[in-house]
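The values are calculated or read from the model by the stated rules, or taken from the named source; none is laboratory data. This structure is a prediction, so every number in the text was calculated from the model and none was measured. Glycine also receives a Cβ, built like all others from the backbone with ideal geometry; neighbour counts cover every protein chain displayed.
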Amino acid sequence: MNGVEGFMYPNEIGLQWSILIVLYPYITGLVAGAFILASLVRIFRVEAVRPTYRLALLTALSFLLVAPLPLQLHLGHPERSPEMYFTPHSTSAMAMFGYVYLWYLMAVLVFEIWLDYRAEIVHFSKTKKGLVGFIYKVMTLGSTNVSHKALELDEKIGWIVTLIGIPSAFILHGYVGFIFGSIKANPWWNSPLMPVVFIFSAMVSGISAVMLLYMATTKLRGLKIDIACVDTIAMYLFYTFIIDFAVESLDLIHRIYEADESFRSLNFMVHTKLYIPHIVIQIMLGTLTPLILLAITQLFKLPEFVRKRIYVIAGSLIMVGVFAMRWNVVIGGQLFSKSFLGYTTYKLALVTKEGLLAAIALCILPFIFLYALQHFLPPWPEKDNTGVPEATH
Amino acid sequence: MSAFKNTGHLLRFAGLFVIAFFIFLIVRHFVVPKSFGEYGHYRGNAIKEDAARPSYYAGHEACEGCHSDVADKKSHGKHAHVNCEACHGPQLAHASADDPSKHKPVLPDTTVLCKQCHAASAAKPKNFPQVGDDHMPGMACKDCHNPHSPAMDQAPAEKTASTSKAPQGGKK
């Protein structure tokens, strides 16, 4: 803010929140969405999508580990972040999020993954040697009880954890929408629908991400894609997407109908500066096109190879569309100020702390985590490959 | 105890949480400053530390003690609520000196100083006095306005007024 004097709104001189703050809701959304897909198997007993269950959990964990990093990089001083836990202020949404994050990470995801993998962990702790074997031994927590009764109990506890996990996932991502929706100084953000919009777009992007990951990893491993599984995911994706589209449309219609003092300014912005990212990428490419493509797969009997290609195209467009939605919320909301006098510009840097390269690195990092995790905890549905014996009595 | 036979691993996981919680409490005990929360959601000692830092501002009462003529004029003008040091800068050294003339304040350049508040901007309220660059170019503000009571009883000299625009808003 050097060189700024007199009456100015902060974002009239430059944007405070960069692409890293775009990534943050995008990544947490993928976590919540991936977990919701996993819950289809555990809670709603949708057996068709079981091949993606473990992959969805590991995807959620990989992305959750990366979720706070954009914030850390943006704020700087990561050594100060534990203070949020040590001396939390009850009026700080961010401080409360710290606890939600920790709860979701440890009490939901890590616990559920540990319960689900316990039989494998115990098996590997006995068969693997060296450092890897030692890590598995630590992961068993000293208990090698994998009797049927113990595993049955794990299943029941896992069910409860997932049940608690669904509202936790909603709170985790609903909070991100809440942070934006509760900023009353910014009419582009200020909407009670914001948390709901964020939750449903999160579910859509997370389900798409796991579907694409499942198809890509199965292809890379030279195996046949379980088309019944992908068909079922696509069906749920389509239904969730319809709700997401309806909620976002409701938000838009409400703004147009209400047409408060900000409307002219925001409307002009959408038709000029945000035309490409909002109208073209988010709505046309990222919403209407995949919605039509998914509707075609639901309405017509198409050959398997056509369906697979449509799923890949629709899934990829959804990933781009949801990213564009986050971009338009975060960056779009800072292009104007409360004075409604003119617009500013966001220039994306390349090699800076908050530049494009840092953002790309943060996008790649979850996949590196996932690659490492799948070595330790194979998520593949072909259980025979792991050599895990039947549970002992 | 057979009921707990198959819950050993769950208890161990729960134990991990308990251990982590106690570690958290121990670390918290050492890293959170002792004076935290003494007065509110901040470090109580911060107030004492701030109070121990050297002061630079004297406060308007200190100025008014000696400059009662200026204070009187200011109290009747538009700048009645503008503190002396807002324009003249921190003056504790001047006010507390045995010989204030040895720490004489530098007279502010009104062509620069006044614009900090009164430069025209579309974002300012309409009734706030504002001047553009075309208002009396080449003249210092104090040539016409007394900064301690800036309202003018009469219009500026005709020859200069004819070449410039009056300020927007407020009393001209």
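Mind checking whether some residue in segment A:127-139 is buried (at least 19 other Cβ atoms within 10 Å of the Cβ), among the basic types (Lys, Arg) and either within 9 Å of another protein chain (Cβ to nearest Cβ) or over 25 Å from A:LEU23 (Cα atoms) (or both)? No: zero hits. Yes or no: B:HIS148 surrounded by 12 or more Cβ atoms within 10 Å (Cβ to Cβ), at pLDDT 90 or above and touching a strand residue (DSSP E or B) at 6+ places or on another chain (Cβ under 8 Å)? The answer is no for B:HIS148. Taking helices (runs of 4 or more DSSP H) as the structural unit, those lying wholly within segment A:34-141 and holding at least 2 residues that are under 20 Å from the mean Cα position of the chain (by Cα) correspond to A:53-66, A:69-75, A:93-102, A:111-127. Only one entry of A:HIS148, A:HIS173 meets the criterion of being of a type outside the set (S, T, N, Q) and surrounded by fewer than 20 Cβ atoms within 10 Å (Cβ to Cβ), and that entry is A:HIS148. At least 3 residues being under 27 Å from A:PHE305 (Cβ atoms) is the threshold, and among the helices (runs of 4 or more DSSP H) wholly inside segment A:166-278 those reaching it are A:194-220, A:227-258. If only residues of segment B:113-145 that are within 14 Å of chain A (Cβ to nearest Cβ) and small (Gly, Ala, Ser) are counted, the one that is surrounded by the fewest Cβ atoms within 10 Å (Cβ to Cβ) is B:ALA122.
Figure legend. Inter-residue proximity from segment A:14-40: first residues under 14 Å from A:PHE200 (Cβ atoms), second residues basic (Lys, Arg) and at pLDDT 95 or above, beta-carbon distance below 9 Å, spacing 6+ or different chains. Indicated pairs: A:PRO25/A:ARG326; A:GLY29/A:ARG326.
Given the structure, is A:GLN298 surrounded by fewer than 17 Cβ atoms within 10 Å (Cβ to Cβ) and touching a residue at least 40 places away in the same chain (Cβ under 8 Å)? It is true that A:GLN298 is surrounded by fewer than 17 Cβ atoms within 10 Å (Cβ to Cβ) and touching a residue at least 40 places away in the same chain (Cβ under 8 Å).
Applying a threshold of 6 Å to beta carbon distances and a minimum spacing of six or more residues, or different chains, the list of pairs starting in segment A:168-179 at a residue that is polar (S, T, N, Q) and ending at one that is assigned to a helix (DSSP H, G or I) reads A:SER168/A:TYR104; A:SER168/A:VAL108. The residue of segment A:142-151 that is nearest to A:ALA107 (Cα to Cα), among those that are facing chain B (nearest Cβ under 8 Å) and in a helix (DSSP H, G or I), is A:ALA150. Of the candidates B:ASP50, B:ASP72, B:ASP133, B:ASP98, the single residue that is closer than 30 Å to A:LEU341 by Cβ and acidic (Asp, Glu) is B:ASP133.
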